[in-house]
1. Here are some residues: I57, I96. Which one is touching a Lys or Arg at 6+ places or on another chain (Cβ under 8 Å) and without any contact (Cβ under 8 Å) to a residue 60 or more places away in the chain?
2. Within segment 21-67, count every residue that is closer than 20 Å to D148 by Cβ and in a helix (DSSP H, G or I).
3. Confirm whether A141 is among the aliphatic types (A, V, I, L, M), in contact with a strand residue (DSSP E or B) (Cβ under 9 Å, 6 or more places away or on another chain) and outside any helix (DSSP H, G or I).
4. Given the condition aromatic (F, W, Y), in contact (Cβ under 8 Å) with a residue 12 or more places away in the chain, more than 18 Å from D121 (Cα to Cα) and surrounded by fewer than 19 Cβ atoms within 10 Å (Cβ to Cβ), answer yes or no: does some residue in segment 42-50 qualify?
5. Can you pull out every residue in segment 85-126 that is over 21 Å from A62 (Cα atoms) and not hydrophobic (A, V, I, L, M, F, W, C)?
6. Run P138 past the list (1) modelled with pLDDT of 95 or more; (2) surrounded by 13 or more Cβ atoms within 10 Å (Cβ to Cβ); (3) not hydrophobic (A, V, I, L, M, F, W, C) and report the number of the one that doesn't hold.
7. Restricting to segment 91-134, name every residue that is among the β-branched types (V, I, T) and assigned to a strand (DSSP E or B).
8. Give the number of residues within segment 77-121 that are closer than 22 Å to R52 by Cα and in contact with a Cys (Cβ under 7 Å, 6 or more places away or on another chain).
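The values are calculated or read from the model by the stated rules, or taken from the named source; none is laboratory data. As the structure is a computational prediction, the values presented were derived from the model and not from experiment. Ideal geometry is used to build each Cβ from the backbone, glycine not excepted, and the neighbour counts take in all protein chains shown.
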Amino acid sequence: MRAFLPALTATLGLLALAGPASADVCGELIDRVTSETGADLVKRSADFAEFRGADGIGMTLACGELSATGAQFRGAPLPAGYFDLLGRAGHAVTGIAADVLAQAGRTALTAAATTRHSNVDAGKVLVTCSLSGSREAPVTACAVIERDERR
């Protein structure tokens, strides 16, 4: 019994130090986004991250029960790889095929050219794009947003 108590105490102490079983979900998503897109992590908080993608494309990731990833670019023309990057980031977060998300982004941006903002339903996600700024320095922002399937 005497040998048992110290072993039990040590085991319980190690379990207490281990903390909750939940992993760093945002960290895992950040790793997947950087791996899939080649983007560099610029800034991170507990539930949000900013990245620098190719061709001056800014990227964001909001982590949570429902996550979202976005791509932003200031200027014209839009880099050729913009929608490919959006699709790959969206795939990293949602598992939906990158080409499906990229095409939804293209469709949303085409509609946003006349309405300034547009959404495209892509199954369990919404792909949204908006245009703002001046004609000389337009800002394009598109995002892949997970839907709450409970609603």
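1. I96
2. Number satisfying all stated conditions: 3.
3. Considered against the rule, which asks whether it is among the aliphatic types (A, V, I, L, M), in contact with a strand residue (DSSP E or B) (Cβ under 9 Å, 6 or more places away or on another chain) and outside any helix (DSSP H, G or I), A141 comes out as yes.
4. Within segment 42-50, one or more residues are aromatic (F, W, Y), in contact (Cβ under 8 Å) with a residue 12 or more places away in the chain, more than 18 Å from D121 (Cα to Cα) and surrounded by fewer than 19 Cβ atoms within 10 Å (Cβ to Cβ).
5. Residues satisfying the conditions are D99, Q103, R106, T107, T110, T114, T115, R116.
6. Unmet for P138, out of (1) modelled with pLDDT of 95 or more; (2) surrounded by 13 or more Cβ atoms within 10 Å (Cβ to Cβ); (3) not hydrophobic (A, V, I, L, M, F, W, C): (1).
7. Matches in segment 91-134: V120, V125, V127, T128.
8. 3
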